[in-house]
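A.B. asks: Sharing a structure, written as structure tokens. Questions coming.
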Amino acid sequence: MSSSQIKKILILVTILAVPGFLYYLLQEKGKNRYRPLPIFGKKEVASTFHSVKGKQIPDTIYYQVPDFKLVNQNADSITWKNYEGKILVLNVFYTNENPGKVSFANKAMKAFEATYNGNKTVNFVGLTIDPVRDTPELLAKYAQTLGALPGKWDLLTGDSTAVYRLVNQGLSIDAHQEFESGNRKFIYSNMFVLLDPQRRIRGYYPASSQEALSQLNDEIKVLITEELRNNNDGR
């Protein structure tokens with residue numbers, strides 16, 4: 001590994017280690033308040049209400065990523081049930097790409113995994129967009145090079161239709177295949193996606209942007225704080 005590569009990794013780890021999320025936390029009447037993260041996707045007003053300071057406020061039904069059934073690098077069947085109560089950081093990749101945006105995203109994901117390795121609330125998911133080639137057996141070997149342990153950092157594959165339905169429609173990430181001079185190539189948005197335990201999308205982050213990676217790190221912590229507050233409130 002060259003000195004420049006080592007320097008980039010050290011910079012990334014340093015960024016993730018800085019607790020910049022503190023600017024989200026404010027003191028109000030002796031209680032911690034935070035700026036809540038946005039919730040992406042369609043929403044509609046429910047027929048139910050909740051009370052805020054004596055006022056009846058209509059509930060909101062937010063978009064939830066649909067369920068799926070895929071397999072990880074250990075050939076275990078994976079659905080949303082495996083991630084109940086979990087905050088997810090997710091990205092798309094494929095193993096056969098030349099070093100570039102996939103390898104950079106994997107290094108970033110590895111840094112996140114190391115940061116939150118001891119936190120059972122946060123899990124990591126990689127979705128291959130080349131499921132025909134990327135079998136569980138191949139992903140198992142690929143996972144070893146990344147240090148991706150199933151159950152904490154799952155690399156998912158499966159039926160092509162199911163994979164692309166989840167990526168394109170469920171997560172609203174652009175990913176498709178094109179053929180150029182008879183060769184297949186994959187076009188996709190190199191993004192990290194942050195999901196809360198309710199399967200709601202809370203953020204998109206370009207994997208090639210150090211600023212966006214720092215923001216993602218901050219917002220993982222904000223989401224952890226949000227979930228702790230919700231659990232304490234009995235929600």
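A.B. asks: Kindly write out, for region 36-42 in residue order, the coupling ³J(HN,Hα) from the Karplus curve 6.51 cos²θ - 1.76 cosθ + 1.60 (θ = phi - 60°), rounded to whole Hz, with x marking Gly and Pro.
C.D. replies: Listing the rounded values in order: x, 6, x, 10, 8, x, 5 Hz.
A.B. asks: Among 215-221, 55-61, how do they line up from the highest to the lowest mean number of other beta-carbon atoms within 10 Å?
C.D. replies: In decreasing order of mean packing, 215-221, 55-61 become 215-221, 55-61.
A.B. asks: If packing is taken as the average number of other Cβ atoms within 10 Å across a peptide's residues, how do 76-89, 196-209 rank, most packed first?
C.D. replies: Top to bottom by mean Cβ count within 10 Å: 196-209, 76-89.
A.B. asks: Could you please report the charge total around E178, scoring K, R as +1 and D, E as -1 over all other residues with beta-carbon less than 9 angstrom from its beta-carbon?
C.D. replies: Net charge in that neighbourhood comes out at +1.
A.B. asks: Listed highest first by mean packing, meaning other Cβ atoms within 10 Å per residue, what order do 113-119, 177-183 come in?
C.D. replies: Going by the mean number of other Cβ atoms within 10 Å, highest first, we get 113-119, 177-183.
A.B. asks: On alpha-carbon atoms, Rg over Rh for region 134-213 using Kirkwood Rh?
C.D. replies: My calculation puts Rg/Rh at 0.99.
A.B. asks: Whole angstrom only: what separates the Cα centroid of region 47-91 from the Cα centroid of region 148-217?
C.D. replies: Region 47-91 and region 148-217 have Cα centres spaced 17 Å from each other.
A.B. asks: With every protein chain kept in place and ligands, DNA and RNA left out, what is the accessible area per residue of region 71-198? Probe 1.4 Å, answer in Å².
C.D. replies: Value returned for region 71-198: 44 Å² of accessible area per residue.
The values are calculated or read from the model by the stated rules, or taken from the named source; none is laboratory data. All values derive from a computational prediction rather than experimental measurement. All Cβ positions, glycine included, derive from the backbone under ideal geometry; neighbour counts span all protein chains shown. Remember, those area values only see protein heavy atoms, side chains included, never the ligands or the DNA or RNA. Shrake-Rupley method; radii C 1.70, N 1.55, O 1.52, S 1.80 Å.
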